[in-house]
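Working notes for the structure below.
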Amino acid sequence: MVPVDILLPQMQKSATEDTEEDDDTGGINLDKAKERLQEEDKYDKEEYRKKIKAKHQEKRLKEREARREANKKQAKLSSLECEELRAL
């Protein structure tokens, strides 16, 4: 079962604080903006990895369950065949 927080869109959680130093230059400080974006990218990549890992785990569990069901059916069929041969 996939956790609900993976399915629902989440608001961006910034890994850095939004503390701005008072600069007299005005405008956008490109270096700080670049650092902030890199930190957010790290966070986004980690969240994406978690999402993909959960998705793959769910897929493995479904495949495992399908194999178990197939093995049960196969065992049941083989036991029925043995009983039929004994009856003859």
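How much length would be gained if the chain were fully extended between Lys45 and Leu85, taking 0.36 nm per residue of separation minus their Cα-Cα distance, in nm to one decimal? Intermediate values should be presented prior to the final figure.
Working: separation 40, 0.36 × 40 = 14.40 nm, distance 5.95 nm.
Here the segment from Lys45 to Leu85 would lengthen by 8.4 nm.
Ligands, DNA and RNA left out, the accessible area of region 36-87 computed with a 1.4 Å probe is 52% carbon and sulfur. In terms of its Cα atoms, region 37-85 spans 71, 7, 5 Å along the principal axes, sorted from long to short. Counting lysine pairs in region 36-87 whose alpha carbons fall under 23 angstrom apart, excluding pairs fewer than 8 residues apart on the same chain, gives 17.
The values are calculated or read from the model by the stated rules, or taken from the named source; none is laboratory data. Owing to the predicted nature of the structure, the values given are computational and were not obtained by experimental measurement. Side chains included, ligands, DNA and RNA excluded: accessible areas come from the protein's heavy atoms. Shrake-Rupley method; radii C 1.70, N 1.55, O 1.52, S 1.80 Å.
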